[in-house]
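Only one structure is covered here, and it is reproduced in the block below.
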Amino acid sequence: MTSHEEQPAKKIRLNSGEPVVVLLNDTKNRSEDSEKIASNIEVNQMIRERDVGIIEYANPSIPGFWGVIKQRFSDFMVNEIDNSRNIVHLTNFNIPKVENPVDKPDVQDIGIPKEKISDEQVFQEMKALLGEEISNQIQSLLSGQDENLSFVNTKVEKDKNKRKAIHQFFKDHFGDKLNTEANDGVIKVSMHTDKTRKDRRSRQQKNDIWDALGGSYCQFTLYKENKDTIEAINFLSKLIKVHAKTFSYAGTKDRRAITVQKVTANRIKAERLLGLNSNLKGMKLGNFEYVKTPLKLGDLRGNHFITTIRNVQVENEEVISKAIESLQSRGFVNYYGMQRFGSSSIPTFHIGRALLQNNWEEAVNLIMKPRPGDRQDHQIARQHWIENHDAKKALELFPKQCIAETQILNYFAKTGQLNDYAGAFATIPRNLRLMYVHAYQSYIWNSIVSERICIHGCHAPAVGDLVIKDEDSIADIDSEDLVDDNFTVNSDDKKEIKVKVLAEEDLNNYSIFDVVLPLPGYSVIYPNNNIFEKYKELMWKDHLDPREMRRNVKDFSLSGSYRKIMGKPNDLSWKIFKYDDQNISLSLTDLDLLDGKSEPESLPNGKNTALRINFSLSASSYATVLLRELMKPTEKE
């Protein structure tokens, strides 16, 4: 695996999410090569920054510069920052050493209560858990008085903790006699057989093996090049023939990049994972250790970026120096990046708006609609559907990776109900359905933060602004966007975030970096100033009310959240390179460091200029938005 085989990006787009390649600004002196690149930009096919509310800069008085980002995927490196604030790196391929297991009780003894209690006390405890009627039936089962009674079913129990307590009760008091199995919330209680006893002991022995290793989960570092996280996980699961849900991770990472992150695998040994490396291209697994709990989405503090901007066109290095100084002191407007809104001419927030309006037909039609700049096979499939409404044929034409489209068409083909738009939409995977409504929330938030800055500036808090009351909640909002594919799952029982409305006497106690704005929802507080009116004005144009965000469909009943209006990088450093070869790598990857490669050197008389900038951001902030503040791009009309 080598980055030197990589070719420069061929497709050039402006502010299109993926790939992000060219950023332009008003700099007059551009090289001939730069002008050729700019002339090839596809225009009027993708949504623009202003279409999704991205308008303002933290410091518009500081000029930017012209440059190319993500020309090579190795120009954009992302290393996860874990919950212990460590930057995750691939540093070794060692198998963990297993310590001598702690002496464990014989499996025969499992289930014997630690403390003897009377049969009457056991019965009373069972009655408290299951009720008198079911408890009496279980006593009959134990006594064998009723020959027709082979098992007892409990009532449906939706509470997972209560089900766990019931299982534990029988394990503690009847482990050698009764077996319990759960199915759809019902626990089946039956007498042990030789088979169930054997199965139980086998499970316990396996648990002992994993306990001796250190836990049931093998945690490892995943290094990948030019692959998104889900693609990488699916490939690993196919190689070792397990379900993709065997693996879990804290967040998804960019495709056009080199990224490093932690992953946990349930009951997969390190030796098995290490053995995959010989068959992996553009991926490596290492830093193995066993842990007791899996990673879950949101289990990270942020990401560290090493970004190389090539073909920099600037009058002098002082312009870059001032732009970076401004970025360090003033930060950047913490917009949701263009990735949030899709990369086609039909933004995801348009679909989200239709869903919140309960306009299922419009939502489905937007998903299926032909769009400029689409791949040819996508265009053919979309056009066939629009002209013929032949679901079966259109389903054959659509590539499988068009998940929303194929799910809709599959529903239409199976049911023949081409007007059941709500039913068709419901077949789309939940995370994808949520993506649309969250994109609408993000569009509103971007637009409102631009209004806030236009009216009150971005130097200091204003009366009526909101700040987070509880310091512990700040980490929650910093990772708020991470569940699957970087989109939150709304939940009535998620942790409440308390905010404070600023009065005049509070202003000196907070900075602009403390101020938050809400994403529209039924449980948030809105600013107590003219900004709330802006929410209402903007959403009323879409026939929506920011105070009325409950819906009959639970997934689209938005509780809302908060997001800081300004972001600021940590651990920021930068370096100017002069170079000749456009294909030379100007940063060391983790694999390069393992191979002992030397740091790239700047050529004194190099024809081209590059800026390499290193920085860390919270999990919810976008590196492309930071680069926008630094470079001050302009958009073509």
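The values are calculated or read from the model by the stated rules, or taken from the named source; none is laboratory data. Values in this document were obtained by computation on a predicted structure and should not be read as measured data. In this analysis, Cβ positions are derived from the backbone assuming ideal geometry, glycine residues included, and neighbour counts consider all displayed protein chains. Quick note on the areas: whole protein, heavy atoms, side chains included, nothing else; ligands and nucleic acids left out. Shrake-Rupley method; radii C 1.70, N 1.55, O 1.52, S 1.80 Å.
Checking each residue of region 332-343 against the condition of being at pLDDT below 95, buried (at least 18 other Cβ atoms within 10 Å of the Cβ) and on the phi > 0 side of the Ramachandran plot gives at least one match. Of all residues in region 332-358, those satisfying the criterion of being among the β-branched types (Val, Ile, Thr) and in contact (Cβ under 8 Å) with a residue 60 or more places away in the chain are Val333, Thr348, Ile351.
Residue-by-condition table, conditions (1) among the charged types (D, E, K, R); (2) in a helix (DSSP H, G or I); (3) modelled with pLDDT of 95 or more:
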residue: Ile351; (1), (2), (3): no, yes, yes
residue: Pro372; (1), (2), (3): no, no, no
residue: His384; (1), (2), (3): no, yes, no
residue: Glu396; (1), (2), (3): yes, yes, no
residue: Pro399; (1), (2), (3): no, no, no
residue: Tyr411; (1), (2), (3): no, yes, yes
residue: Asn419; (1), (2), (3): no, no, no
residue: Arg433; (1), (2), (3): yes, yes, no
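So in region 224-247, with the set limited to residues that are aliphatic (A, V, I, L, M) and surrounded by fewer than 24 Cβ atoms within 10 Å (Cβ to Cβ), which one is modelled with the lowest pLDDT? In this case the residue turns out to be Ile230.
The residues of region 567-618 that are open to solvent by less than 30 Å² (accessible area, probe 1.4 Å) and part of a loop (DSSP other than H, G, I, E, B), listed by number, are Pro569, Ser585, Leu586, Ser587, Thr589, Pro600, Gly606. For region 556-573, filtered to residues that are farther than 22 Å from Val449 by Cα and among the small types (Gly, Ala, Ser), the residue that is farthest from the chain's Cα centre (by Cα) is Ser573. Which one is nearest to Lys284 (Cα to Cα), of the residues in region 175-223 that are among the aromatic types (Phe, Trp, Tyr) and modelled with pLDDT of 90 or more? Of everything passing the filter in region 175-223, Tyr223 is nearest to Lys284 (Cα to Cα). Among the residues of region 453-474, those identified as open to solvent by 10 Å² or more (accessible area, probe 1.4 Å), among the aliphatic types (A, V, I, L, M) and at pLDDT 90 or above are Ile453, Ile455, Ala460, Ala462, Val463, Ile468. Considering only residues in region 295-309 that are closer than 30 Å to Asn608 by Cα and of a type in the set (A, V, I, L, M), the one that is most open to solvent (accessible area, probe 1.4 Å) turns out to be Ile306. Restricting attention to region 219-250, which residues are touching a residue at least 40 places away in the same chain (Cβ under 8 Å) and on the phi > 0 side of the Ramachandran plot? If the condition is that a residue be touching a residue at least 40 places away in the same chain (Cβ under 8 Å) and on the phi > 0 side of the Ramachandran plot, then Asn226 is the only one that fits.
For region 248-261, filtered to residues that are open to solvent by less than 10 Å² (accessible area, probe 1.4 Å) and in contact with a helix residue (DSSP H, G or I) (Cβ under 9 Å, 6 or more places away or on another chain), the residue that is farthest from Arg72 (Cα to Cα) is Gly251. Of the residues that make up region 135-157, is at least one within 35 Å of the chain's Cα centre (by Cα) and either surrounded by 10 or more Cβ atoms within 10 Å (Cβ to Cβ) or of a type outside the set (S, T, N, Q) (or both)? Yes, region 135-157 has at least one match.
Selection of region 375-394 for residues being in contact with a helix residue (DSSP H, G or I) (Cβ under 7 Å, 6 or more places away or on another chain) and open to solvent by less than 50 Å² (accessible area, probe 1.4 Å) yields Ala381, Arg382, His384, Trp385, Ala391, Ala394. Kindly provide the set of residues from region 232-253 that are touching a strand residue (DSSP E or B) at 6+ places or on another chain (Cβ under 6 Å) and of a type outside the set (Ser, Thr, Tyr), ordered by number. Result: Ala232, Ile233, Phe247, Lys253.
Rundown of residues vs (1) within 13 Å of Val189 (Cα to Cα); (2) at pLDDT 90 or above, yes/no style:
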{"residue": "Lys127", "(1), (2)": "no, no"}
{"residue": "Ser135", "(1), (2)": "yes, no"}
{"residue": "Asn153", "(1), (2)": "yes, yes"}
{"residue": "Lys160", "(1), (2)": "no, no"}
{"residue": "His167", "(1), (2)": "yes, no"}
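Taking region 97-125 as the range and being among the hydrophobic types (A, V, I, L, M, F, W, C) and at pLDDT below 85 as the test, the residues that pass are Val98, Val102, Val107, Ile110, Ile112, Ile117. One residue stands out among those in region 533-555 that are part of a helix (DSSP H, G or I) and open to solvent by 40 Å² or more (accessible area, probe 1.4 Å): the one that is farthest from Ile448 (Cα to Cα), which is Lys554.
If you check Glu361, Glu396, Glu405, Glu387 for being in contact (Cβ under 8 Å) with a residue 60 or more places away in the chain and either of a type outside the set (Ser, Thr, Tyr) or over 24 Å from Asn431 (Cα atoms) (or both), only one passes: Glu361. Just one of the listed residues (Asn94, Asn44) is assigned to a loop (DSSP other than H, G, I, E, B), at pLDDT below 95, open to solvent by 50 Å² or more (accessible area, probe 1.4 Å) and farther than 14 Å from Met631 by Cβ, namely Asn44. Across region 310-331, the qualifying residues are those that are free of Cβ contacts under 8 Å to residues at least 24 places away in the same chain and either within 33 Å of the chain's Cα centre (by Cα) or open to solvent by less than 40 Å² (accessible area, probe 1.4 Å) (or both), and the one among them that is farthest from Asn446 (Cα to Cα) is Ser321.
For region 356-365, the condition of being open to solvent by 80 Å² or more (accessible area, probe 1.4 Å), outside any loop (DSSP other than H, G, I, E, B) and of a type in the set (Asp, Glu) holds for at least one residue.
Which residue is least open to solvent (accessible area, probe 1.4 Å), if the candidates are limited to region 395-420 and must be of a type in the set (D, E, K, R) and more than 30 Å from the chain's Cα centre (by Cα)? Here the answer is Asp420.
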